[in-house]
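The next block holds one structure in the form of structure tokens; read it before the comments.
The values are calculated or read from the model by the stated rules, or taken from the named source; none is laboratory data. Just so we're clear, the structure is a prediction, and the values are computed from it rather than from any experiment. Quick reminder, even Gly has a Cβ in these numbers, built from the backbone with ideal geometry, and neighbours come from all protein chains shown. Quick note on the areas: whole protein, heavy atoms, side chains included, nothing else; ligands and nucleic acids left out. Shrake-Rupley method; radii C 1.70, N 1.55, O 1.52, S 1.80 Å.
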Amino acid sequence: MSQWGCVSAANLSWQKSSTTVDIRNGGNLPSSCFQLKSRKMDSLAFGYGEFLARGLRIPSSQAVGRRHKKGVSPLKVVCVDYPRPELDNTVNFLEAASLSASFRSSPRPTKPLKVVIAGAGLAGLSTAKYLADAGHKPLLLEARDVLGGKVAAWKDDDGDWYETGLHIFFGAYPNVQNLFGELGIDDRLQWKEHSMIFAMPNKPGEFSRFDFPEVLPAPLNGIWAILRNNEMLTWPEKVKFAIGLLPAMLGGQPYVEAQDGLTVKEWMIKQGVPDRVTDEVFIAMSKALNFINPDELSMQCILIALNRFLQEKHGSKMAFLDGNPPERLCMPIVEHIRSLGGEVQLNSRIQKIELNDDGTVKRFLLTNGNAIEGDVYVFATPVDILKLLLPDNWTEIPYFKKLEKLVGVPVINIHIWFDRKLKNTYDHLLFSRSSLLSVYADMSVTCKEYYSPNQSMLELVFAPAEEWISRSDSEIIEATMKELAKLFPDEIAADQSKAKILKYHVVKTPRSVYKTVPDCEPCRPLQRSPIEGFYLAGDYTKQKYLASMEGAVLSGKFCAQAIVQDYELLAARSQRSLAEAGTR
């Protein structure tokens with residue numbers, strides 16, 4: 001049986017004993033693809049190439065969840081990159097593309113607005129990018145010395161990168177996908193096979209997969225993936241879960257929105273879904289979506305994710321960025337903003353929002369002593385930072401008062417470099433199903449820039465983290481190693497008697513994405529505030545993708561759209577301010 005894979009390689013060769021067989025010119029094979037017709041091959045190896053990794057084990061579908069037979073070598077593939085899925089003709093992608101185009105085609109402003117934006121995360125960058133497309137002059141202020149906000153990353157003394165989080169780009173992120181296309185950086189996404197892979201706590205070292213067949217449309221491909229997996233859920237459990245989901249399928253968006261008042265656990269009990277469905281699948285999903293457990297997470301969040309993933313053929317397909325987010329994603333946005341006359345300033349932390357006598361914003365005062373004035377002001381920081389800087393005059397306004405219920409969730413991101421190449425892993429995101437860990441990946445294999453031929457670097461999300469955020473790094477690493485010993489029983493021991501830690505980085509975010517608990521949906525604000533000339537952006541603001549990179553980008557587009565729509569009002573306000581200043 002033939003197996004196909006596409007690889008990120010300039011030089012591809014098959015090495016067996018001392019003979020090297022070059023298969024770069026493999027007849028009619030697609031470019032950068034290989035075809036395997038024999039399972040007796042020991043491995044695929046590559047010649048020199050900066051993007052290559054070695055020794056990753058990906059079992060065939062027949063071997064899923066089983067250990068390999070004694071004496072039979074597993075199929076090993078290297079840095080498998082799948083072609084970009086066909087997203088461009090989906091309804092959501094076209095809708096996102098239309099919104100992007102509206103900024104470029106909007107009438108050029110007679111006098112461009114100077115829009116001062118606080119926060120250079122994806123929400124702030126998106127706001128600035130689309131305002132610049134519409135002919136305005138954004139000034140983006142970032143408190144830290146690094147771009148990205150919740151996708152920030154830093155380089156250590158060895159030149160290795162460590163990140164704020166483990167970031168996955170889904171096919172169901174139409175505004176993010178459009179953004180990559182608009183910047184001409186589609187090739188920076190490394191698409192993986194269309195699967196969701198879960199560790200098996202009761203079978204240490206083994207995994208269970210949900211494989212989405214390419215030949216089936218949505219939602220049949222998702223249904224098939226669920227039905228084919230018999231290791232995590234029994235047939236009776238699948239049937240009961242399907243019956244429980246019927247109201248959501250029949251009731252549509254109104255039903256989904258009505259479930260905001262229930263936690264995942266409460267909803268499952270109400271629908272008669274067995275507890276094992278929650279334990280086997282939705283604990284992992286809840287932690288991956290919002291870093292909290294099903295007894296806290298709003299069921300609306302799960303239903304929205306299922307809707308996106310199951311209604312779009314490639315919705316649940318995942319991609320990794322090919323390197324660190326500040327340089328590979330954020331800098332192209334900054335370069336685009338600057339090319340259109342906008343500005344981006346780092347190390348510009350806001351100390352105070354100073355108001356005019358009428359309660360509107362006069363200027364932003366920075367901790368470095370500078371005062372920044374503009375025609376329009378946007379806060380694109382996390383909601384917790386906004387609440388800290390909210391002027392006293394605004395706190396009782398219902399629009400701002402509702403923000404009290406929106407609180408960022410603590411999360412910890414961990415990077416561990418080991419002294420060897422770990423084998424019990426995949427070129428993919430993995431759901432750990434651990435009580436302490438959410439998801440993880442061997443970034444030395446999944447990400448081109450982080451490639452290493454001899455060592456693994458695991459990046460892991462430690463969640464829920466509320467009880468751990470104040471603990472020492474060494475305590476967190478010790479607990480992580482105990483969990484990794486279960487995931488890698490043959491390779492990792494808690495006492496490091498097997499794989500040894502070369503170094504690690506622990507990145508704590510005490511307040512990350514807003515905690516999607518029941519009844520917080522009505523508290524999410526629109527991007528246009530009741531204060532004339534003041535707007536909000538951020539994944540906590542009103543948009544349909546909740547707390548995610550997609551939500552952040554879409555919130556920025558909505559914020560920019562509101563400012564463009566209000567141009568006449570804002571321009572007149574600016575003229576009045578100038579006139580008043582001239583009479584003083």
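A few comments on the model shown:
- Note on region 434-584: with charges restricted to the Cβ of Lys and Arg (+1) and Asp and Glu (-1), its dipole about the Cα centre is near 480 debye.
- 0 to 90° range, to nearest 10: angle between helix 174-183 axis and the chain longest Cα axis: 80 degrees
- The Rg/Rh ratio for region 144-185 is 1.07, where Rg is the radius of gyration of the alpha carbons and Rh is the Kirkwood radius.
- With 5 Å bins beginning at zero, the pair-distance distribution over Cα atoms of region 288-439 amounts to 1, 6, 9, 12, 14, 15, 14, 13, 9, 5, 2, 1, 0 %.
- Computed Rg/Rh of region 457-502, alpha carbon atoms with Kirkwood Rh: 0.98
- DSSP finds beta bridges in the chain, and of those with both partners inside it, around 75 percent are antiparallel.
- Cα-projected label distance for ASP157 with VAL407, points at 7 Å along beta-carbon direction, nm: 3.8 nm
- Surface composition of the chain: carbon plus sulfur atoms contribute 53% of the solvent-accessible area (1.4 Å probe, protein chains only, all chains present).
- Over all pairs of different C-alpha atoms, region 428-513 has a mean inverse distance whose reciprocal, the Kirkwood radius, equals 13.8 Å.
- The H on the amide N of VAL378, modeled in the peptide plane, is under 5 Å from the matching H of VAL116, ILE117, ALA118, TYR535, each at least 5 residues off or on a different chain.
- When only the Cβ of Lys, Arg, Asp and Glu is charged (+1, +1, -1, -1), the dipole of region 331-384 relative to its Cα centre reaches about 180 debye.
- Per the Debye calculation on region 482-522 with a single equal scatterer at every Cα and no solvent contribution, log₁₀ I(q)/I(0) for q = 0.19, 0.20, 0.26 Å⁻¹ amounts to -0.69, -0.71, -0.89.
- Theoretical gain in end-to-end length, ASP392 to ARG576 [0.36 nm per residue, Cα-Cα removed]: 63.7 nm
- Rg(Cα)/(2.2 N^0.38 Å) for region 365-404, N = residue count: 1.31
- For the chain, the longest principal axis of the Cα atoms and the long axis of helix 549-565 meet at an angle of about 30 degrees.
- Rule-of-thumb Rg ratio for region 162-235 [Cα; 2.2 N^0.38 Å; N residues]: 1.41
- Put simply, the C-alpha atoms of region 249-343 give a gyration tensor, and the ellipsoid matching it has half-axes of 36, 16, 13 Å, longest first.
- By the Kirkwood approach, averaging reciprocal distances over each pair of separate Cα atoms, region 507-570 gets a hydrodynamic radius of 12.7 Å.
- Against the chain, whose longest principal axis is taken from its Cα atoms, helix 567-583 shows a tilt of about 40°.
- Rounded Å value of the spacing that divides the Cα centres of region 232-251 and region 392-454: 29 Å
- Dipole axis of the chain (+1 Lys, Arg; -1 Asp, Glu on Cβ), positive-most option in PHE198, SER472, VAL334: PHE198
- Pairs of Cα atoms in the chain fall into 10 Å distance bins, from 0 up to the last occupied one, in shares of 3, 16, 26, 26, 17, 8, 3, 1, 0 percent.
- Taking θ as phi - 60° and the Karplus parameters 6.51, -1.76 and 1.60, the scalar couplings of region 110-122 work out to 4, 10, x, 7, 8, 10, 8, 10, 9, x, 9, x, 5 Hz in sequence order, x denoting glycine and proline.
- The charge dipole of region 329-478, taken about its Cα centre with unit charges on the Cβ of Lys, Arg, Asp and Glu (plus for the first two, minus for the last two), comes to roughly 320 debye.
- P(r) tail fraction, region 181-302 - alpha-carbon pairs more than 21 Å apart, %: 49 percent
- Region 382-526 - Rg (one decimal) and Dmax (whole number), Cα, Å: 19.1, 61
- Computed with the Debye formula from one identical point scatterer per Cα of region 118-200, without solvent, the log10 of I(q)/I(0) at q = 0.12 Å⁻¹ comes to -0.50.
- Accessible surface for the chain, divided over its residues, is 43 Å² per residue with a 1.4 Å probe.
- In nm, spacing of pseudo-spin labels at GLN351 and ASP384 (7 Å Cα→C-beta vector): 2.4 nm
- Region 87-140 shape via C-alpha gyration tensor axes, a/c threshold 1.5: oblate
- Each of GLY315, ALA288, TRP394 was scored by the projection of its Cα onto the charge dipole of the chain, and the greatest displacement toward the positive side belongs to GLY315; charges sit on the C-beta of Lys, Arg, Asp and Glu.
- If the Kirkwood radius is taken over C-alpha pairs of region 461-574, then at 10 °C and 1.306 mPa s the Stokes-Einstein diffusion coefficient equals 89 µm²/s.
- Taking only the C-alpha atoms of region 358-448, Rg followed by Dmax gives 21.8, 64 Å.
- By the helix-only formula, in which each DSSP H run with n ≥ 4 contributes -39500 (n - 2.57) and the sum is divided by residues, the chain has a 222 nm mean residue ellipticity of -9000 deg cm²/dmol.
- Think of region 447-584 as having a plus end and a minus end, set by charges on the Cβ of Lys, Arg, Asp and Glu; of CYS447, VAL506, PRO522, PRO522 sits farthest toward the positive end of this dipole.
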